[in-house]
Amino acid sequence: MHMGMSMRLEQRLSLKQRLGLLLTLRLHLIDALRDEKYEPMGRCPKCEFTLTNGMILHGFNQDPGDYTTGCPKCGVRFAPKLIYRTPASQTEIPFYCPMQVLAQLSNRPTFIETHQPIATLPPVELKKQYPAIYHSAITHYGSLKAAFAKVGLVYAFVERDPKKDWKEKIIPALGNMPDTVIADCAEVSVCIIRRMRRERRIDRYRAIG
Ligand SMILES: [Zn+2]
């Protein structure tokens with residue numbers, strides 16, 4: 001979707017649609033910044049209806065122990081998947097909801113049996129040992145640093161390659177997503193994003209509803 005159109009459309013959208021749109025826009029930005037494509041997949045095992053991103057998010061029970069979403073057509077609950085693609089590979093993993101990601105990153109013992117706190121694992125190790133947590137965290141929060149910050153933990157590793165030209169890549173997102181979301185994905189301070197947006201005289205993102 002062309003990002004310029006999204007803001008006008010958004011004024012008529014329901015909460016479910018807005019959740020989905022914001023996720024879709026975030027995934028575009030993640031792809032641009034990280035060269036990684038994420039696609040949530042929710043196909044109902046009973047009636048074969050394919051859920052939109054918004055339906056998948058809306059269908060979660062906000063329960064850290066329940067990994068299922070609900071089919072809006074027939075009501076069946078099932079665990080959605082996340083497809084992760086790089087130029088070299090394609091993987092299918094469980095898709096966790098934002099709450100489950102945070103519960104697991106905060107290392108509650110019921111979720112992760114590990115001797116090493118998860119926040120001390122470098123990105124490569126975290127990705128290898130806990131692929132579903134890692135990829136769901138990127139999907140919902142844009143970076144590990146941003147996801148750990150949500151549970152009050154400092155993640156000392158930087159994932160983004162500082163040599164990459166991230167500024168060019170975030171310009172289409174300015175004003176179409178909250179500055180904080182863009183900052184999280186780019187792993188920079190929100191002040192930098194706000195300044196870039198104001199320099200271009202772009203209004204800040206507003207969720208209407
Ligand atoms: Zn169904």
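The values are calculated or read from the model by the stated rules, or taken from the named source; none is laboratory data. Since the structure is predicted, the reported quantities are computational estimates derived from the model, not experimental observations. Positions of Cβ are generated from backbone atoms using ideal geometry, with glycine treated the same way; all protein chains shown enter the neighbour counts.
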Within segment 47-58, considering residues that are touching a strand residue (DSSP E or B) at 6+ places or on another chain (Cβ under 8 Å) and part of a loop (DSSP other than H, G, I, E, B), the one nearest to the ligand (Cβ to nearest atom): PHE49
Scanning segment 154-188 for residues that are of a type in the set (Gly, Ala, Ser) and more than 18 Å from ARG34 (Cα to Cα) gives ALA156, GLY175
Being within 26 Å of LEU105 (Cα to Cα), touching a helix residue (DSSP H, G or I) at 6+ places or on another chain (Cβ under 9 Å) and not in a helix (DSSP H, G or I) is the requirement here; does PHE148 meet it? no
Residue that is farthest from the chain's Cα centre (by Cα) [pool: residues in segment 72-83 that are in a loop (DSSP other than H, G, I, E, B) and either among the small types (Gly, Ala, Ser) or within 11 Å of the ligand (Cβ to nearest atom) (or both)]: CYS74
Counting only residues that are at pLDDT 95 or above and over 17 Å from the mean Cα position of the chain (by Cα), which one in segment 59-71 is nearest to the ligand (Cβ to nearest atom)? CYS71
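Which one is farthest from the chain's Cα centre (by Cα), of the residues in segment 10-44 that are assigned to a helix (DSSP H, G or I) and charged (D, E, K, R)? Write out each step before concluding.
Taking segment 10-44 as the starting set, the residues that turn out to be assigned to a helix (DSSP H, G or I) are 10, 15-34.
Now narrow it down to the ones that are charged (D, E, K, R): 10, 16, 18, 26, 31, 34.
Numbers: GLU10: 19, LYS16: 15, ARG18: 14, ARG26: 6, ASP31: 11, ARG34: 13 Å.
The selected residue is GLU10.
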Out of curiosity, is GLY42 farther than 27 Å from THR180 by Cα, of a type outside the set (D, E, K, R) and within 15 Å of the ligand (Cβ to nearest atom)? yes
